[in-house]
Amino acid sequence: MNQHHSQRGSALLVVLIIISMLSFLIITSMMVAMQDVETVASRQIVLRARMLAETGLNIGAHPALKSGDPLLSRRISANESYEAVITTEEGRLNINSMLTEERRAILERVFVSWGLKLPDAQGVVDCLMDWTDADDFKRLKGAEKADYLKEGYPGKPFNRPFRSLDEMLLVRGMERVEEANPRWRDSFTLWGSGQLDINEAFPELIAAVANVPVSSTRALNSARNGPDGIAHTTDDEPLKNIDEAMALLGIKAADGAGLFTLVGTTRRVDSLGRVGNYARRLSVILQNNSDGPSIMDWRESADH
């Protein structure tokens, strides 16, 4: 009798184990299926946001369109939209053109404005210049082959101009810049004439180039942004006289000669496609040729 009850108990236990395993398999299958559905939905959102960004990009790339044109932004539906902004690459500092003895102080002022102490800023600039020059002569606070080799980085520096902004992170001291301003790339470029577009540049960059306090750029910023005070809108009033622009900064026209331009020649289009809370950003740098604009650089990123 006891043996019979024991067999029935064992059978019941086996049944319960099988039911538990089946339940686990069913729940796991449902979770995997739900994840697959979510993955497909996420991919569709990313694809749609990218398509919207491409729409804005194609519109902004047209050479006849100007900054602030209403065609550059549109709401497609309650949760879909695109917005493109036309600027010039001269609105950023060309890092390779800044790495000269005549212009290095500009970079130092930029880094200081981001929170670095002046000796640290000078050290970073020394290292940037050692990275791009063709010799092995080490500047006072710089770094050359022996220094990088000692730190376990053979083959550095490259002793040539930078070919990408990300390459700058290989330079000793740039981690301090990254920590002080994670968006430092927004202030630099590898393209453009080397002059700073006074109608497009950030106020702190204008102040650094002109060697004036950032507060001295308020009048200039207000003048170029028009009555609404917002850049890249239809009421913008771009500065058209370099002498007047320098006067707004409180410096002599001769002091800004060769450093500023009123109109950059290298077109940049940043387009943001948005679906709900997700956004995709496309950025291109264009150069106008006789047969139309050509793409010089292309960037894509998620922009939440």
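The values are calculated or read from the model by the stated rules, or taken from the named source; none is laboratory data. This one's a predicted model, so the numbers in the text were calculated from it and none came from an experiment. In this analysis, Cβ positions are derived from the backbone assuming ideal geometry, glycine residues included, and neighbour counts consider all displayed protein chains. Heavy atoms of the whole protein, side chains included, go into the accessibility calculation; ligands, DNA and RNA do not. Shrake-Rupley method; radii C 1.70, N 1.55, O 1.52, S 1.80 Å.
Brief remarks follow.
- Only a single item in (1) open to solvent by less than 20 Å² (accessible area, probe 1.4 Å); (2) over 21 Å from the mean Cα position of the chain (by Cα); (3) modelled with pLDDT under 95; (4) among the small types (Gly, Ala, Ser) is not met by residue 84, and it is number (2).
- Note on region 136-238: enclosed helices (runs of 4 or more DSSP H) holding 2 or more residues that are out of contact with any Ser or Thr (no Cβ under 9 Å at 6 or more places or on another chain) and surrounded by fewer than 19 Cβ atoms within 10 Å (Cβ to Cβ) are 145-150, 174-180, 218-225.
- Complete set of residues in region 116-135 that are under 18 Å from residue 169 (Cα atoms) and assigned to a loop (DSSP other than H, G, I, E, B): 116, 133
- Region 259-284 residues that are in contact (Cβ under 8 Å) with a residue 60 or more places away in the chain and within 16 Å of residue 202 (Cβ to Cβ), paired with ones that are among the small types (Gly, Ala, Ser) and assigned to a strand (DSSP E or B) (beta carbon under 8 Å, 6 or more apart): 268/283; 270/84; 270/283
- Residue in region 289-297 that is among the charged types (D, E, K, R) and assigned to a strand (DSSP E or B) present: yes
- Tallying residues that are of a type in the set (A, V, I, L, M) and free of Cβ contacts under 8 Å to residues at least 40 places away in the same chain within region 146-202 yields 4.
- Check on residue 96, within 22 Å of residue 163 (Cα to Cα), assigned to a helix (DSSP H, G or I) and open to solvent by 40 Å² or more (accessible area, probe 1.4 Å): yes
- Top-ranked residue in region 104-126 [being out of contact with any Asp or Glu (no Cβ under 9 Å at 6 or more places or on another chain) and open to solvent by less than 50 Å² (accessible area, probe 1.4 Å); ranked as nearest to residue 217 (Cα to Cα)]: 106
- Candidates 185, 224 - the one that is basic (Lys, Arg), in contact with a Pro (Cβ under 8 Å, 6 or more places away or on another chain) and closer than 22 Å to residue 261 by Cβ: 224
- Scanning region 51-78 for residues that are over 18 Å from residue 293 (Cβ atoms), open to solvent by 60 Å² or more (accessible area, probe 1.4 Å) and either charged (D, E, K, R) or not in a strand (DSSP E or B) (or both) yields 51, 70, 74, 75, 78.
- Tabulated pairs, region 39-68, first more than 13 Å from residue 282 (Cβ to Cβ), second of a type in the set (A, V, I, L, M), C-beta under 6 angstrom, 6+ apart or interchain: 45/275; 48/275; 67/86
- Residues (among the aliphatic types (A, V, I, L, M) and touching a residue at least 60 places away in the same chain (Cβ under 8 Å)) located in region 203-237: 205, 207, 208, 209, 214
- Within region 241-258, considering residues that are touching a residue at least 12 places away in the same chain (Cβ under 8 Å) and over 16 Å from residue 219 (Cβ atoms), the one least open to solvent (accessible area, probe 1.4 Å): 258
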